[in-house]
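Engineer: I'd like to ask you about the structure that follows.
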Amino acid sequence: MTATAHKFFSPARIGAIASNTLLELVRLKVFYFLLIFALIMIGSSAFMVRFTFAEQFQVLKDVSLGAMSIFTWLLSVLATAMLLPKDIEDRTLYTILAKPVPRLEYLLGKLIGVLLLLLVSTLVMSAMFAIALYLRQQTVIAETMRTTPPEQVAEAIRNIKASTFTINLVPGVITIYLKAALFASLTLFISTYASSWIFTILISVAVYIIGHLQSTARDYWLASGDAGALTKIFLAIVSLIFPDLQLFNLIDDIVAGNAIAMAMFLKTCGLGVLYACIYLLVAYFVFANKEL
Amino acid sequence: MAEHAISIRNLTKVFPIPFRRERVVAVRDLSLDVEPGQVYGLLGPNGSGKSTTMKIVLGLVPPTAGSTQIFGRDSSFVESREEVGFLPENPYFYKFLTGEETLRFFGKLCGLRGAKLRERTNELLALVRLENARDRRLGGYSKGMLQRIGLAQALIQNPRLLVLDEPTAGVDPAGSREIRDLILDFKKRGITVLLCSHLLGQVQEICDRIGILHQGVLVREGRLEELISIENQTELILENSTPELLRQIEADIAKSGARIVEMRKPQTTLERFFLEVTSDKK
């Protein structure tokens with residue numbers, strides 16, 4: 001007797017694998033890295049007393065968003081790289097795939113589990129960042145009220161508030177999350193054919209470097225004017241395979257207080273989702289034919 | 001024609017060796033059937049192709065040639081696994097999960113939910129006698145307990161076929177006996193079992209039929225008693241016999257022209273002796 005009729009695509013099965021993956025990562029105590037993030041923010045606050053209030057907010061945003069970007073990326077690569085090799089080594093993969101679970105559902109479940117972990121981490125880090133920013137704002141307001149003539153206080157406080165929480169922070173955090181999601185999908189794809197998790201991590205780091213440098217290298221080669229047909233084809237292939245990660249870097253604009261164009265933001269989001277889907281699809285094709 | 005639990009036809013599996021032109025033939029032109037309700041022992045030395053055959057039956061590895069079916073369904077299709085429970089050799093499962101969480105996880109993969117899943121989990125924890133360890137993480141389980149939780153997860157969706165790869169490997173004699181008894185219980189319930197084991201004594205105790213693989217080729221296959229019985233010999237075990245009776249039997253045998261091959265006191269098995277001694281001490 002079978003429990004239920006087989007479904008070719010079951011969100012419940014994917015949900016079971018995703019929640020189990022999240023539970024695994026939580027019980028591996030990966031959230032401890034948030035403590036390091038908190039320490040970085042507290043540490044950076046210690047150097048701020050020498051700056052003007054505008055500079056203080058800029059430094060805090062720069063350090064916090066930079067740390068968020070590095071931590072979410074690092075977490076996505078490290079957490080994803082070990083999932084598949086560990087399941088193969090422990091033979092857990094055999095027991096799961098010996099149940100009526102299609103390989104696509106297994107991969108999707110694993111990826112969604114990591115994405116949930118990244119979502120929780122990004123939200124917690126954003127909340128910590130917001131609290132740090134708010135506390136800094138209150139300190140600066142108190143200081144301003146003490147040192148500014150009464151008739152200028154209202155104007156000064158308005159200026160402080162305007163340079164603390166800006167709408168730009170939201171797209172900034174979203175692109176940080178999307179970049180990490182893209183890397184989770186890429187790392188999952190690499191781990192479907194890699195023989196060890198060290199290889200997976202090294203390749204992911206290499207893609208990170210290439211992704212950040214490719215636009216600069218491309219601009220340099222094309223601007224020099226001596227790029228031949230072969231170079232152009234090579235550049236086209238590189239920019240097709242590797243995402244241009246500079247597009248996901250909105251931190252400089254946020255720190256400088258520049259407005260982020262909605263069209264640019266949506267294009268970056270679309271690109272992130274597209275690359276994540278492509279990497280997942282390729283991962284499936286490799287994994288579907290993998291001999292376990 | 002009756003439906004086979006497992007049907008393997010002209011199965012061949014060749015593994016290419018990376019960066020070389022050589023190839024390894026793991027299984028060569030294998031054909032066999034396992035009937036519903038049977039306990040079938042697949043035997044062979046290391047590297048004989050047993051695990052590869054099991055993996056192909058479970059759809060984990062594609063065959064190079066030939067086909068395998070589970071209850072009439074091609075085992076390359078995911079839905080064929082609805083009817084199968086599998087216990088791999090030396091399973092570890094997720095060490096971060098408790099016994100109960102493990103069964104619930106595998107139950108969800110098989111479409112079980114809510115009260116039905118809860119009932120089935122409790123039932124199986126009781127069957128494999130792990131009720132007291134249900135809230136302990138698998139990282140703290142002994143080898144025997146891991147094998148038993150492995151058997152429970154294999155049974156979670158009430159499958160008609162169980163595939164067990166070395167189910168007693170590394171387990172102490174008492175644990176091994178418990179697992180053997182569980183397999184005999186599955187047989188009584190009509191569950192088909194495909195068993196791979198190196199413990200020939202245990203295979204002899206529980207299997208109805210065996211197949212012996214050697215270098216990927218099925219060298220012997222058939223009903224166990226037919227394969228191992230010595231046709232021209234008879235075993236006679238007497239209780240409370242007197243020396244006179246034994247002398248008379250020997251004389252009659254000599255007169256008939258038959259020959260006594262061996263006369264000795266029957267012995268208990270070392271396993272039975274060990275279990276008796278250790279159970280007394282408890």
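Engineer: Any idea which of (1) in contact (Cβ under 8 Å) with a residue 24 or more places away in the chain; (2) within 14 Å of chain A (Cβ to nearest Cβ) is the one B:S75 doesn't satisfy?
Structural biologist: Single failed check for B:S75: (1).
Engineer: Is it true that some residue in region B:211-222 is in the same structural domain as B:L127 (by TED's automatic domain parsing), open to solvent by 50 Å² or more (accessible area, probe 1.4 Å) and without any contact (Cβ under 8 Å) to a residue 60 or more places away in the chain?
Structural biologist: yes
Engineer: List the pairs whose first member sits in region B:14-26 and is on the phi < 0 side of the Ramachandran plot, whose second member is surrounded by fewer than 10 Cβ atoms within 10 Å (Cβ to Cβ) and among the hydrophobic types (A, V, I, L, M, F, W, C), and whose Cβ atoms are under 9 Å apart, counting only residues at least 6 apart or on separate chains?
Structural biologist: Between residues of region B:14-26 that are on the phi < 0 side of the Ramachandran plot and residues that are surrounded by fewer than 10 Cβ atoms within 10 Å (Cβ to Cβ) and among the hydrophobic types (A, V, I, L, M, F, W, C), the close pairs are B:R23/B:I17; B:V24/B:I17.
Engineer: Let me ask something else. Out of A:I233, A:I254, report the one residue that is among the aliphatic types (A, V, I, L, M), open to solvent by less than 50 Å² (accessible area, probe 1.4 Å) and more than 22 Å from A:L188 (Cβ to Cβ). First the steps, then the outcome.
Structural biologist: On the way: A:I233 fails: open to solvent by less than 50 Å² (accessible area, probe 1.4 Å).
Within the list A:I233, A:I254, the selection yields A:I254.
Engineer: Looking only at residues in region B:78-93 that are in contact (Cβ under 8 Å) with a residue 24 or more places away in the chain and open to solvent by less than 10 Å² (accessible area, probe 1.4 Å), which one is farthest from A:R27 (Cα to Cα)? Step through it out loud before you land on a result.
Structural biologist: Looking only at region B:78-93, we keep the residues that are in contact (Cβ under 8 Å) with a residue 24 or more places away in the chain, and these are B:82-93.
Narrowing the set further to residues that are open to solvent by less than 10 Å² (accessible area, probe 1.4 Å) leaves B:84-85, B:87-88, B:91, B:93.
Values: B:V84: 30, B:G85: 28, B:L87: 25, B:P88: 25, B:P91: 20, B:F93: 15 Å.
Result: B:V84.
Engineer: Restricting to region B:72-96, give me the number of residues that are in contact with a strand residue (DSSP E or B) (Cβ under 7 Å, 6 or more places away or on another chain) and in a loop (DSSP other than H, G, I, E, B). Don't jump to the end; show me each part of the working.
Structural biologist: As a first pass, look at region B:72-96 and keep what is in contact with a strand residue (DSSP E or B) (Cβ under 7 Å, 6 or more places away or on another chain): B:74-75, B:79-80, B:83-89, B:95-96.
With the extra rule that they be in a loop (DSSP other than H, G, I, E, B), the set shrinks to B:75, B:88-89, B:95-96.
Result for region B:72-96: 5.
Engineer: Would you mind finding the one in B:K108, B:K50, B:K95 that is charged (D, E, K, R) and out of contact with any Lys or Arg (no Cβ under 8 Å at 6 or more places or on another chain)? Before you say what the answer is, go through the steps one by one.
Structural biologist: Values: B:K108 fails: out of contact with any Lys or Arg (no Cβ under 8 Å at 6 or more places or on another chain); B:K95 fails: out of contact with any Lys or Arg (no Cβ under 8 Å at 6 or more places or on another chain).
The match here is B:K50.
Engineer: Still on this model: Of the numbered conditions (1) buried (at least 21 other Cβ atoms within 10 Å of the Cβ); (2) within 20 Å of B:C110 (Cβ to Cβ), B:R189 fails exactly one; give the number of that condition.
Structural biologist: (1)
Quick grid of which residues meet (1) open to solvent by less than 10 Å² (accessible area, probe 1.4 Å); (2) of a type outside the set (V, I, T):
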position	(1), (2)
A:L65	yes, yes
A:Y94	no, yes
A:L119	no, yes
A:Q138	no, yes
A:A142	no, yes
A:T147	no, no
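Engineer: Follow-up question, since we're still on this one. Select from region B:18-46 the residues that are assigned to a loop (DSSP other than H, G, I, E, B) and either in contact with a strand residue (DSSP E or B) (Cβ under 8 Å, 6 or more places away or on another chain) or more than 13 Å from B:L213 (Cβ to Cβ) (or both) and list them in ascending order.
Structural biologist: Keep residues of region B:18-46 that are assigned to a loop (DSSP other than H, G, I, E, B), which gives B:18-22, B:35-38, B:44-46.
Within region B:18-46, B:P18, B:F19, B:R20, B:R21, B:E22, B:E35, B:P36, B:G37, B:Q38, B:G44, B:P45 meet the criteria.
Engineer: Continuing with the same structure: Can you tell me which residue within region B:147-186, out of those that are open to solvent by 10 Å² or more (accessible area, probe 1.4 Å) and within 12 Å of chain A (Cβ to nearest Cβ), is modelled with the lowest pLDDT?
Structural biologist: B:E166
Engineer: Among the numbered criteria (1) farther than 30 Å from A:V30 by Cβ; (2) in contact (Cβ under 8 Å) with a residue 12 or more places away in the chain; (3) open to solvent by 20 Å² or more (accessible area, probe 1.4 Å); (4) facing another protein chain (nearest Cβ under 10 Å), which single criterion is violated by B:Q69?
Structural biologist: (4)
Engineer: Of all helices (runs of 4 or more DSSP H) completely enclosed by region A:208-292, which ones contain at least 3 residues that are out of contact with any helix residue (DSSP H, G or I) (no Cβ under 8 Å at 6 or more places or on another chain) and over 27 Å from A:I174 (Cα atoms)?
Structural biologist: A:229-241
Engineer: Looking only at region A:261-292, which residues are in contact with a Ser or Thr (Cβ under 7 Å, 6 or more places away or on another chain) and either away from every other protein chain (no Cβ under 14 Å) or of a type in the set (A, V, I, L, M) (or both)?
Structural biologist: A:T268, A:A276, A:Y279, A:L280, A:A283, A:V286
Engineer: Provide a single number: the residues in region B:107-122 that are at positive phi and free of Cβ contacts under 8 Å to residues at least 24 places away in the same chain.
Structural biologist: Step one: of region B:107-122, the residues at positive phi are B:111, B:114.
Next, only the ones that are free of Cβ contacts under 8 Å to residues at least 24 places away in the same chain stay: B:114.
Residues that pass the stated criteria total 1.
Engineer: Determine, yes or no, whether A:L34 is among the hydrophobic types (A, V, I, L, M, F, W, C), more than 25 Å from A:F287 (Cα to Cα), in a helix (DSSP H, G or I) and at pLDDT below 90.
Structural biologist: Details: among the hydrophobic types (A, V, I, L, M, F, W, C): yes; more than 25 Å from A:F287 (Cα to Cα): yes; in a helix (DSSP H, G or I): yes; at pLDDT below 90: yes.
So A:L34 passes the test.
Engineer: Has region A:53-75 got any residue that is within 12 Å of another protein chain (Cβ to nearest Cβ), within 26 Å of A:A181 (Cβ to Cβ) and either modelled with pLDDT of 85 or more or not in a helix (DSSP H, G or I) (or both)?
Structural biologist: Kept after step one, since they are within 12 Å of another protein chain (Cβ to nearest Cβ), are these residues of region A:53-75: none.
No, region A:53-75 has no match at all.
Engineer: With respect to B:L58, determine if the residue is in contact (Cβ under 8 Å) with a residue 60 or more places away in the chain and either more than 8 Å from chain A (Cβ to nearest Cβ) or under 15 Å from B:V14 (Cα atoms) (or both). So that I can check it myself, show each step before the final result.
Structural biologist: Details: in contact (Cβ under 8 Å) with a residue 60 or more places away in the chain: yes; either more than 8 Å from chain A (Cβ to nearest Cβ) or under 15 Å from B:V14 (Cα atoms) (or both): no.
The answer is no for B:L58.
Engineer: Going through region B:92-133 one residue at a time, which ones are within 14 Å of chain A (Cβ to nearest Cβ) and among the small types (G, A, S)?
Structural biologist: Kept after step one, since they are within 14 Å of chain A (Cβ to nearest Cβ), are these residues of region B:92-133: B:92-98, B:100-121, B:123-124.
If the condition is that a residue be within 14 Å of chain A (Cβ to nearest Cβ) and among the small types (G, A, S), then B:G107, B:G111, B:G114, B:A115 are the ones that fit.
Engineer: Under the condition of being within 30 Å of A:F129 (Cβ to Cβ) and touching a Phe, Trp or Tyr at 6+ places or on another chain (Cβ under 9 Å), which residue from region A:207-241 is modelled with the lowest pLDDT? If you could, list the steps in order and put the result at the bottom.
Structural biologist: Taking region A:207-241 first, the residues within 30 Å of A:F129 (Cβ to Cβ) are A:207-216.
After this cut, where a residue has to be touching a Phe, Trp or Tyr at 6+ places or on another chain (Cβ under 9 Å) as well, the list is A:207-208, A:210-211, A:214.
On the way: A:V207: 90, A:Y208: 90, A:I210: 88, A:G211: 87, A:Q214: 80.
Looking at residues that are within 30 Å of A:F129 (Cβ to Cβ) and touching a Phe, Trp or Tyr at 6+ places or on another chain (Cβ under 9 Å), I get A:Q214.
Engineer: Take A:V238 and tell me if it is open to solvent by less than 40 Å² (accessible area, probe 1.4 Å) and not basic (K, R). Can you show your working first?
Structural biologist: Details: open to solvent by less than 40 Å² (accessible area, probe 1.4 Å): yes; not basic (K, R): yes.
The answer is yes for A:V238.
Engineer: Moving on to the next point. I'd like to know if region A:89-96 contains one or more residues that are within 14 Å of chain B (Cβ to nearest Cβ), outside any helix (DSSP H, G or I) and out of contact with any strand residue (DSSP E or B) (no Cβ under 9 Å at 6 or more places or on another chain). Full working, then the answer.
Structural biologist: Filtering region A:89-96 for residues within 14 Å of chain B (Cβ to nearest Cβ) gives A:89-96.
Now restrict to residues that are outside any helix (DSSP H, G or I): A:90-91.
Subset that is out of contact with any strand residue (DSSP E or B) (no Cβ under 9 Å at 6 or more places or on another chain): A:90-91.
Yes, because at least one residue in region A:89-96 is within 14 Å of chain B (Cβ to nearest Cβ), outside any helix (DSSP H, G or I) and out of contact with any strand residue (DSSP E or B) (no Cβ under 9 Å at 6 or more places or on another chain).
The values are calculated or read from the model by the stated rules, or taken from the named source; none is laboratory data. Predicted model, so just to flag it, every value in this text is computed and none were measured. Virtual Cβ from ideal backbone geometry, glycine too; neighbours counted across all protein chains shown. Surface areas here come from the heavy atoms of the whole protein model, side chains and all, with no ligands, DNA or RNA. Shrake-Rupley method; radii C 1.70, N 1.55, O 1.52, S 1.80 Å.
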